[in-house]
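Novice: Input: one structure, supplied below.
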Ligand code: 4GX
(Lines give C-alpha, C1' and ligand atoms only; values in the text may rest on other atoms or scores of the structure.)
Protein backbone atom coordinates (compact mmCIF):
# COMPACT_ATOMS: atom_id res chain seq x y z
CA UNK A 1 0.00 0.00 0.00
CA UNK A 2 1.03 3.54 -0.75
CA UNK A 3 0.20 6.33 1.73
CA UNK A 4 0.85 10.03 1.07
CA UNK A 5 0.41 12.61 3.81
CA UNK A 6 -0.15 16.32 3.22
CA UNK A 7 0.82 18.32 6.28
CA UNK A 8 2.36 21.59 7.42
CA UNK A 9 4.27 19.66 10.12
CA UNK A 10 6.13 16.90 8.22
CA UNK A 11 8.69 16.68 11.02
CA UNK A 12 6.10 15.07 13.30
CA UNK A 13 6.09 11.84 11.30
CA UNK A 14 9.59 10.30 11.20
CA UNK A 15 9.76 9.46 14.92
CA UNK A 16 6.53 7.48 14.70
CA UNK A 17 7.19 5.92 11.30
CA UNK A 18 10.68 4.95 12.44
CA UNK A 19 9.62 2.95 15.47
CA UNK A 20 8.60 -0.65 16.13
CA UNK A 21 6.07 -2.38 13.89
CA UNK A 22 5.60 0.58 11.56
CA UNK A 23 9.33 0.83 11.02
CA UNK A 24 9.48 -2.85 10.15
CA UNK A 25 6.46 -2.69 7.84
CA UNK A 26 8.10 0.17 5.95
CA UNK A 27 11.47 -1.61 5.77
CA UNK A 28 9.73 -4.73 4.47
CA UNK A 29 7.97 -2.57 1.89
CA UNK A 30 4.58 -3.71 3.15
CA UNK A 31 3.63 -0.05 3.12
CA UNK A 32 5.26 3.01 1.59
CA UNK A 33 4.64 6.28 3.41
CA UNK A 34 5.60 9.63 1.91
CA UNK A 35 5.14 12.79 3.93
CA UNK A 36 4.84 16.07 2.03
CA UNK A 37 5.05 19.65 3.22
CA UNK A 38 1.80 21.27 2.13
CA UNK A 39 3.58 24.64 1.99
CA UNK A 40 5.38 23.42 -1.16
CA UNK A 41 2.03 23.97 -2.90
CA UNK A 42 1.07 27.26 -1.23
CA UNK A 43 1.74 29.21 -4.42
CA UNK A 44 2.61 32.11 -2.12
CA UNK A 45 5.99 33.71 -1.55
CA UNK A 46 5.43 33.57 2.20
CA UNK A 47 4.27 29.96 1.94
CA UNK A 48 0.97 30.88 3.56
CA UNK A 49 -1.57 28.05 3.52
CA UNK A 50 -4.33 29.72 5.57
CA UNK A 51 -6.48 32.82 5.36
CA UNK A 52 -9.25 34.66 7.22
CA UNK A 53 -12.74 33.16 7.17
CA UNK A 54 -15.38 34.67 4.90
CA UNK A 55 -18.16 36.04 7.07
CA UNK A 56 -15.73 36.89 9.83
CA UNK A 57 -15.11 35.16 13.10
CA UNK A 58 -12.07 33.95 14.99
CA UNK A 59 -9.19 31.91 13.68
CA UNK A 60 -7.91 31.04 10.27
CA UNK A 61 -9.06 28.61 7.61
CA UNK A 62 -6.80 26.50 5.42
CA UNK A 63 -6.99 27.49 1.77
CA UNK A 64 -8.26 24.90 -0.70
CA UNK A 65 -5.67 25.48 -3.41
CA UNK A 66 -2.60 23.86 -1.79
CA UNK A 67 -4.53 20.67 -1.03
CA UNK A 68 -6.02 20.42 -4.53
CA UNK A 69 -2.76 21.16 -6.32
CA UNK A 70 -0.79 18.77 -4.15
CA UNK A 71 -3.22 15.92 -4.90
CA UNK A 72 -3.14 16.80 -8.63
CA UNK A 73 0.66 16.66 -8.58
CA UNK A 74 0.75 13.33 -6.75
CA UNK A 75 -1.68 11.86 -9.28
CA UNK A 76 0.33 13.22 -12.22
CA UNK A 77 3.53 11.84 -10.74
CA UNK A 78 1.92 8.45 -10.26
CA UNK A 79 0.74 8.36 -13.88
CA UNK A 80 4.22 9.32 -15.07
CA UNK A 81 5.94 6.65 -12.94
CA UNK A 82 3.52 3.80 -13.50
CA UNK A 83 2.13 4.59 -16.95
CA UNK A 84 -1.42 4.09 -15.73
CA UNK A 85 -3.05 5.76 -12.82
CA UNK A 86 -3.92 4.05 -9.61
CA UNK A 87 -6.75 6.10 -8.13
CA UNK A 88 -5.97 7.54 -4.71
CA UNK A 89 -8.49 7.42 -1.91
CA UNK A 90 -8.39 10.82 -0.22
CA UNK A 91 -9.16 11.12 3.49
CA UNK A 92 -9.60 14.28 5.54
CA UNK A 93 -8.99 13.85 9.26
CA UNK A 94 -11.34 16.03 11.27
CA UNK A 95 -13.67 15.95 14.27
CA UNK A 96 -16.59 16.36 11.83
CA UNK A 97 -15.81 13.02 10.21
CA UNK A 98 -17.38 9.66 10.79
CA UNK A 99 -15.80 8.00 13.79
CA UNK A 100 -13.00 5.60 12.92
CA UNK A 101 -13.53 2.01 13.97
CA UNK A 102 -11.93 -1.34 13.16
CA UNK A 103 -14.43 -2.04 10.39
CA UNK A 104 -13.41 1.13 8.58
CA UNK A 105 -9.74 0.29 9.16
CA UNK A 106 -10.30 -3.10 7.53
CA UNK A 107 -12.01 -1.51 4.54
CA UNK A 108 -9.24 1.08 4.11
CA UNK A 109 -6.52 -1.56 4.38
CA UNK A 110 -7.74 -2.94 1.04
CA UNK A 111 -7.13 0.32 -0.84
CA UNK A 112 -3.93 0.47 -2.90
CA UNK A 113 -3.31 4.18 -2.27
CA UNK A 114 -4.39 6.57 0.47
CA UNK A 115 -3.80 10.32 0.60
CA UNK A 116 -4.26 11.80 4.08
CA UNK A 117 -5.06 15.49 4.49
CA UNK A 118 -4.09 17.03 7.83
CA UNK A 119 -5.92 20.18 8.86
CA UNK A 120 -5.08 22.94 11.31
CA UNK A 121 -6.46 26.14 12.72
CA UNK A 122 -10.24 26.40 12.80
CA UNK A 123 -10.47 24.01 9.92
CA UNK A 124 -10.18 23.72 6.18
CA UNK A 125 -12.15 25.36 3.40
CA UNK A 126 -15.36 23.42 2.84
CA UNK A 127 -14.44 22.80 -0.80
CA UNK A 128 -11.66 20.44 0.30
CA UNK A 129 -14.33 18.32 1.92
CA UNK A 130 -16.79 18.54 -0.93
CA UNK A 131 -14.50 18.48 -3.93
CA UNK A 132 -11.38 16.60 -2.87
CA UNK A 133 -11.90 14.21 0.04
CA UNK A 134 -13.54 10.86 -0.60
CA UNK A 135 -14.12 10.43 3.09
CA UNK A 136 -13.83 12.42 6.31
CA UNK A 137 -12.78 10.57 9.43
CA UNK A 138 -12.50 11.40 13.12
CA UNK A 139 -10.48 9.34 15.57
CA UNK A 140 -12.77 10.24 18.47
CA UNK A 141 -14.89 12.84 20.18
CA UNK A 142 -12.23 15.11 21.62
CA UNK A 143 -10.46 18.11 20.19
CA UNK A 144 -6.86 17.84 19.07
CA UNK A 145 -4.60 20.66 17.94
CA UNK A 146 -3.97 19.13 14.54
CA UNK A 147 -4.81 16.38 12.08
CA UNK A 148 -1.30 14.90 12.15
CA UNK A 149 -1.90 12.65 15.16
CA UNK A 150 -5.12 11.24 13.63
CA UNK A 151 -3.22 10.61 10.38
CA UNK A 152 -0.57 8.68 12.31
CA UNK A 153 -3.25 6.70 14.12
CA UNK A 154 -4.74 5.77 10.77
CA UNK A 155 -1.36 4.81 9.29
CA UNK A 156 -0.67 2.65 12.33
CA UNK A 157 -3.92 0.70 12.45
CA UNK A 158 -4.16 0.24 8.67
CA UNK A 159 -0.52 -0.87 8.32
CA UNK A 160 -0.75 -3.60 10.90
CA UNK A 161 -3.50 -5.29 8.88
CA UNK A 162 -1.41 -5.50 5.71
CA UNK A 163 -0.06 -8.96 4.92
CA UNK A 164 3.52 -9.27 6.13
CA UNK A 165 3.45 -6.43 8.66
CA UNK A 166 2.90 -8.53 11.76
CA UNK A 167 5.06 -11.60 12.15
CA UNK A 168 1.98 -13.55 13.10
CA UNK A 169 -1.16 -12.85 11.13
CA UNK A 170 -3.14 -15.02 13.58
CA UNK A 171 -2.96 -12.21 16.10
CA UNK A 172 -4.86 -9.98 13.67
CA UNK A 173 -7.75 -12.46 13.67
CA UNK A 174 -7.68 -12.66 17.44
CA UNK A 175 -7.68 -8.87 17.80
CA UNK A 176 -10.76 -8.54 15.66
CA UNK A 177 -12.56 -10.90 18.03
CA UNK A 178 -11.47 -8.78 20.93
CA UNK A 179 -13.42 -5.92 19.38
CA UNK A 180 -16.67 -7.76 19.98
CA UNK A 181 -15.66 -8.60 23.50
CA UNK A 182 -13.08 -6.97 25.76
CA UNK A 183 -10.03 -9.01 26.59
CA UNK A 184 -9.75 -11.21 29.64
CA UNK A 185 -7.19 -10.24 32.31
CA UNK A 186 -3.63 -11.37 31.63
CA UNK A 187 -0.89 -12.23 34.10
CA UNK A 188 2.77 -13.10 33.93
CA UNK A 189 5.37 -13.87 36.61
CA UNK A 190 5.60 -13.52 39.56
CA UNK A 191 2.69 -15.43 41.11
CA UNK A 192 2.40 -12.76 43.76
CA UNK A 193 3.26 -9.11 43.25
CA UNK A 194 2.82 -6.49 46.00
CA UNK A 195 0.20 -8.63 47.66
CA UNK A 196 -1.77 -9.27 44.49
CA UNK A 197 -2.02 -12.93 43.51
CA UNK A 198 -2.51 -14.47 40.11
CA UNK A 199 -5.95 -16.19 40.05
CA UNK A 200 -5.53 -19.80 41.16
CA UNK A 201 -7.26 -21.20 38.06
CA UNK A 202 -4.49 -19.90 35.79
CA UNK A 203 -1.93 -21.92 37.76
CA UNK A 204 -4.06 -25.08 37.68
CA UNK A 205 -3.00 -26.32 34.26
CA UNK A 206 -6.66 -27.22 33.61
CA UNK A 207 -7.15 -25.72 30.19
CA UNK A 208 -10.87 -26.33 30.06
CA UNK A 209 -11.38 -24.41 33.31
CA UNK A 210 -8.93 -21.72 32.17
CA UNK A 211 -10.89 -21.29 28.94
CA UNK A 212 -14.19 -21.00 30.84
CA UNK A 213 -12.72 -18.52 33.30
CA UNK A 214 -11.35 -16.31 30.53
CA UNK A 215 -14.63 -16.33 28.65
CA UNK A 216 -16.52 -15.37 31.81
CA UNK A 217 -14.08 -12.56 32.63
CA UNK A 218 -14.30 -11.18 29.09
CA UNK A 219 -18.10 -11.20 29.21
CA UNK A 220 -18.24 -9.59 32.67
CA UNK A 221 -15.83 -6.90 31.67
CA UNK A 222 -17.68 -6.15 28.49
CA UNK A 223 -21.03 -5.95 30.27
CA UNK A 224 -19.77 -3.55 32.92
CA UNK A 225 -17.46 -1.36 30.82
CA UNK A 226 -18.74 -1.57 27.25
CA UNK A 227 -22.34 -2.81 27.18
CA UNK A 228 -22.64 -1.11 23.77
CA UNK A 229 -20.43 -3.86 22.29
CA UNK A 230 -23.00 -6.46 23.32
CA UNK A 231 -26.09 -4.38 22.43
CA UNK A 232 -24.87 -4.36 18.86
CA UNK A 233 -24.70 -1.86 16.03
CA UNK A 234 -27.86 -0.01 17.10
CA UNK A 235 -25.60 1.71 19.59
CA UNK A 236 -23.87 4.89 18.48
CA UNK A 237 -20.35 4.15 19.65
CA UNK A 238 -20.10 0.96 17.67
N1 LIG B 1 -10.20 13.30 14.84
N2 LIG B 1 -8.66 17.71 15.07
C3 LIG B 1 -8.11 18.54 12.83
C4 LIG B 1 -8.33 20.92 12.32
C5 LIG B 1 -9.43 20.66 11.36
C6 LIG B 1 -10.76 21.03 11.60
C7 LIG B 1 -11.70 20.76 10.64
C8 LIG B 1 -10.02 19.76 9.30
C9 LIG B 1 -11.33 20.14 9.49
C10 LIG B 1 -9.56 15.37 15.11
C11 LIG B 1 -10.16 14.26 15.73
C12 LIG B 1 -9.34 16.69 15.72
C13 LIG B 1 -8.73 19.07 15.57
C14 LIG B 1 -7.81 17.55 13.92
C15 LIG B 1 -9.03 20.07 14.47
N16 LIG B 1 -9.08 20.03 10.21
N17 LIG B 1 -9.28 15.02 13.86
N18 LIG B 1 -8.12 19.91 13.36
N19 LIG B 1 -10.62 14.19 16.97
O20 LIG B 1 -9.80 16.91 16.81
O21 LIG B 1 -9.66 13.75 13.68
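The values are calculated or read from the model by the stated rules, or taken from the named source; none is laboratory data. On a predicted model such as this, the values are computed, not experimentally measured, just so you know. Neighbour counts run over all protein chains shown; Cβ positions are idealised from the backbone, glycine included.
Novice: Would you mind stating whether residue 149 is touching a strand residue (DSSP E or B) at 6+ places or on another chain (Cβ under 7 Å) and not in a loop (DSSP other than H, G, I, E, B)? Walk me through it before giving the result.
Specialist: On the way: touching a strand residue (DSSP E or B) at 6+ places or on another chain (Cβ under 7 Å): no; not in a loop (DSSP other than H, G, I, E, B): yes.
Here the answer is no, as residue 149 does not meet what is asked.
Novice: What residue, of 153, 172, is without any contact (Cβ under 8 Å) to a residue 40 or more places away in the chain, surrounded by fewer than 19 Cβ atoms within 10 Å (Cβ to Cβ) and more than 8 Å from the ligand (Cβ to nearest atom)?
Specialist: Within the list 153, 172, the selection yields 172.
Novice: Given the condition farther than 17 Å from residue 92 by Cβ, modelled with pLDDT of 95 or more, away from the ligand (no atom under 16 Å from the Cβ) and part of a loop (DSSP other than H, G, I, E, B), answer yes or no: does some residue in the range 8-26 qualify?
Specialist: Yes, the range 8-26 has at least one match.
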